[in-house]
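The values are calculated or read from the model by the stated rules, or taken from the named source; none is laboratory data. It should be emphasised that the depicted structure is a prediction, and the values quoted were computed from it without experimental measurement. When we count neighbours, we look across all protein chains shown, and the Cβ atoms used for this are built from the backbone with ideal geometry, even at glycine. The area values use the complete protein model at the heavy-atom level, side chains included, leaving out ligands, DNA and RNA. Shrake-Rupley method; radii C 1.70, N 1.55, O 1.52, S 1.80 Å.
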Amino acid sequence: MRIGLLTDGGYPYTTGESRLWCDRLVRGLARHEFDIFALSRSREQEERGLVELPPQVRRVNTAPLWTAPDHRPVGRGRTARRGHGRRERREFAAHFGRLATALCAEETAGPHDADGFAEGLYGLAALAREHGALDVELRSETAVRILEAACRAPGANRAVRAARVPDHLAFAGLLERALRPLSLDWYGDDALGAADLSHATSGGSAALPGLLAKRFCGVPLLVTEYGVQLRAQYLASRQLSAPVRALQAGFQRRLAAEVYARAELVTPGNTHARRWQERCGADRAKLRTVYPGMSADRFHAVGEGAYGGEPNTLVWVGRIEPAKDLVALLHAFAEVRRAEPAARLRLVCVPTEGAGAAGYLAHCRSLAAQLFPDEAAGAHAVGENPVSFEELGGPEAPDLAGAYAAGSVVVLSSVVEGFPLSLVEAMFCGRATVSTDTGAVVEVIGGTGLVVPPRNPRALADACVSLLRDPERRARLGAAGRARALELFTVEQNIAAFRGIYLELMSHNPVHRESADRAQAPRPFAHPAEAHVPGRWAAPTAARIPAGAAQRGPSWAAGRPLAVLLRERPDPRDRADPRDRPDPRDRADPRDRADPGERSEPRERLDIAEEGAGA
């Protein structure tokens, strides 16, 4: 089976969110062929190069979403600076007008709104497929005027009515980047059109090539979302103006609805993502939860009890960012210290780039110094802080297994969380957990850890103290969490789930391509099983065997479709002389025969035919 894997800012680059699980999926399904179609998000990502690819990856097609239109080659050998003719510009204005009207309409406009978006999107795609790239037209004055008219039209969303020319220009630039996959040369019979299945590893721009492959080439589409793209876009657009945010939200919401409607199957990574998809209009019959697979081998030694950990130590592992709410965790630990003076807190930080992360880390260090002054055992001893900030990969925490092995309780204090990977890692290590009720935390924990409300330091502190004072309860919860993680969140279960999904989708969507070098090769699932019947059932009587079949031997009917046998059956009405037909009244009764060996001529032909078919 040939799979077209669609990625956006991840695999096969060495950085990105989908890098690890896509690499495990491709390596785990070695019997399939993979064509990778990747969108890159930055120059740094492309400069770092690609990961080492396994032999089942036939080829890699990449396209940037970060470059300016003037500095990139686009589909079918045309350049971005080549404009369209008058007729093409009229077609563009008609299609873009439908798209803009759908984006500016109220969310409760009705089904015709979705139809207008789909007609405009596929019309632009057909125009790009026939006449080249759309970037010049999408950034033209015509597009800005159409967008301005749609924002001021009756029935437009109240938020977009306040848009001004700078807002229209800003959104036109964002829309051009989002629709850039429409102009790529990925949709021919030698590219994505030759795939048996398109697998988009996220929604949004990554799923656009899958939509076009289904539209133009009939390739079925599978969409996997471990982090909902629509939610990520909402969070990323906070710095934009209110009208641009409303336009961007309208585009992403309608694109997500179209992707969910056209996909054969959608596989969310957890129930939290599934609720978002259902809210965007995804059919429940198409949704099937597939948990992300994580490697449990590196945590085996810790999980089996080789490292007991410090009984009074709490461990936090993650990226330093405001969504992790380390401020609430530090205030909660102040309450823990009042109840358990010997308690310690280790904050193991995953390296994060950006000025915002550095500023937030400095703020947390300052708060820890104020809440917990350095303590010394005596007048001549050096004091130390019960809260330590350690970087993953450093001497204190060389790897994740070592970080979790240092403590007996793992804490998660986030206010915004998708799928909590750190909790799964703690469960692999057999550690008891205390976490806040955000995202898919409750679904992952499943009763094997303590869950408290977010932004509640007192509840977080009480849960931590209860586990620090009860080692038997910690051991029970840790063992139960490890058993749950090994059952649901391993790489093996993830690969097995997608192996079954691939076969299921192909059984409903037969292979449609014709192989030039293997024209006579069998095509899996191309015909249903009942289309062929065994040879001894295909010709039980002479009526199903054409004249001369007995001389051709018993292999004439073996493996031939029943429809072919019936079509080749001779018709008695085609005989030259109607008088040659035997009279039924002249047929001898077998009971009146004196000699059992005597038979009429028609019976002899029937016996000969039966011997030839059953030999």
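Remark: the stretch 15-23, residue by residue, has Karplus-estimated 3J(HN,Hα) of 10, x, 6, 8, 5, 6, 6, 5, 5 Hz, where x stands for each Gly or Pro and the curve is 6.51 cos²θ - 1.76 cosθ + 1.60 at θ = phi - 60°. For the stretch 253-312, the convex hull drawn through the C-alpha positions has a volume of 141 cubic angstrom per residue. Taking the three principal axes of the alpha carbon atoms in the stretch 211-255, the coordinate ranges are 39, 23, 11 Å, sorted in descending order.
Cα-Cα pairs above 14 Å in the stretch 284-329: how many percent? Tail of the P(r) past 14 Å holds 74 percent of the pairs. Annotation: extensible slack from residue 362 through residue 66 equals 103.4 nm (criterion: 0.36 nm per residue apart, minus Cα-Cα distance). A simple spin-label model places pseudo-atoms 7 Å from Cα toward Cβ; at residue 87 and residue 416 they are separated by 4.9 nm. The alpha-carbon atoms of the stretch 258-379 define a convex hull whose volume equals 205 cubic angstrom per residue.
In angstrom, the C-alpha Rg and Dmax of the stretch 410-488 are 11.5, 33.
What the Cβ-Cβ distance of residue 44 and residue 339 gives, at R0 = 35 Å and to the nearest 0.05, is a FRET efficiency of 0.15.
Convex hull volume per residue, computed on the Cα atoms of the stretch 112-168, equals 84 Å³.
Compared with the alpha-carbon gap, the fully stretched path from residue 141 to residue 399 is longer by 87.5 nm at 0.36 nm per residue. Here's the picture: charge each Lys and Arg Cβ at +1 and each Asp and Glu Cβ at -1 in the stretch 104-182, and of 133, 154, 166 the one pushed furthest to the positive end of that dipole is 166.
At a Förster radius of 56 Å, what calculated FRET efficiency corresponds to the Cβ-Cβ distance of residue 384 and residue 119, to the nearest 0.05? The calculated FRET efficiency here is 0.25.
Between residue 369 and residue 496, the modelled label-to-label distance comes to 5.3 nm, taking each label 7 Å out from Cα in the direction of the beta carbon. Residue separation of residue 15 and residue 190 scaled by 0.36 nm, minus their Cα-Cα distance, works out to 60.2 nm of gained length.
Heavy-atom accessible surface of residue 307, to the nearest 10 Å², is about 120 Å², with a 1.4 Å probe and all protein chains retained. Remark on residue 319: its backbone amide H falls under 5 Å from those of 350, a criterion applied only to residues 5 or more positions apart or on other chains, H modelled at 1.01 Å from N.
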